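These notes concern the structure reproduced below.
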Amino acid sequence: MTDSTGEGPQLPAIDATDRAIIVATQGGLPLVARPYHAIAEGLQLTPEEVIVRVQRMLACGVIRRLGVVPNHYAIGYSANGMSVWDVPDDRVDQLGESVGGFKFVSHCYRRPRRLPQWPYNLFAMVHGKSRDEVERQVAQIAALLGEHVQSHTILYSTRILKKTGLRLAGQKMAE
């Protein structure tokens, strides 16, 4: 499906209930045992309706993804480093899967190199309570990657960035 200009995908229309669910969840889910139940109660819906609508919006692309965005500093992890790795392009996906399996890696992904200045193609965010801890964890990644590593470094966080996704505002709703 394309938009009216034929230039890109057109998302399905959302109704007032979908919009209310998006607005209620876009700032984060309530920190309770059953967050969809709390959303449902606030919107005077059943939890099942909220869950089904969220699943439908995910499936059709109205909502791209749901994810956890922890504040690592608030939970005691003040040494946060993006470890960047130069590994063979034909192995980066397989190696990234392995690196992403470490509990101390919050996210791991592939990015294009920007040669000659930037040779790194595998990124893994590591969290620790000290830089020494982060460096020990990065050493574990290096050991796992072994001979596949050409070079690597750690880029430490120097400040907290505002972590928010796209916010819904003024979108036309289906009637």
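If we scan segment 111-134, do we find a residue that is in contact with a Leu (Cβ under 9 Å, 6 or more places away or on another chain) and surrounded by fewer than 14 Cβ atoms within 10 Å (Cβ to Cβ)?
Yes, because at least one residue in segment 111-134 is in contact with a Leu (Cβ under 9 Å, 6 or more places away or on another chain) and surrounded by fewer than 14 Cβ atoms within 10 Å (Cβ to Cβ).
For Val99, state whether it is out of contact with any Cys (no Cβ under 8 Å at 6 or more places or on another chain), modelled with pLDDT of 90 or more, surrounded by 15 or more Cβ atoms within 10 Å (Cβ to Cβ) and of a type outside the set (S, T, N, Q).
no
The values are calculated or read from the model by the stated rules, or taken from the named source; none is laboratory data. Please read these numbers as outputs of a predicted model, since none were measured by experiment. Methodologically, a virtual Cβ is constructed for each residue, glycine included, from the backbone with ideal geometry; neighbour enumeration extends over all protein chains shown.
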